[in-house]
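Below is one structure, written out as structure tokens; comments come after it.
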Amino acid sequence: MAKFSYNDIVRIKRAAESGFPYGRAWIVGIFDERLGPYFDKFPSGTVYTIEFEDGSSIEVHEGSLELDASNAEERPPAVPASEGEPPGI
């Protein structure tokens, strides 16, 4: 099961492998299944495509990511489709 969801705001952990960029990014892809040899370089677990504010993107293992709680207030709360529109709309 994926640790993060689409559009979550994340950062690469400072303790993660060097060479990764550091900064705010969004989850734009989730790979729970290994879809070819490209994913062999990652440990077992979910791999995410994250996109940075400058538009660049990379694939990162879930163990290298953390939620960026400092920006959580910028996202409106998600409303499941089964619940319809939020009150007041």
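Please treat every number below as a calculation from the coordinates, not as lab data. Since we're looking at a predicted model, the values are computed, not measured. In this analysis, Cβ positions are derived from the backbone assuming ideal geometry, glycine residues included, and neighbour counts consider all displayed protein chains.
When only the Cβ of Lys, Arg, Asp and Glu is charged (+1, +1, -1, -1), the dipole of the range 9-72 relative to its Cα centre reaches about 180 debye.
At full extension, D32 and S5 could sit 8.5 nm farther apart than now, given 0.36 nm per residue minus the alpha carbon distance.
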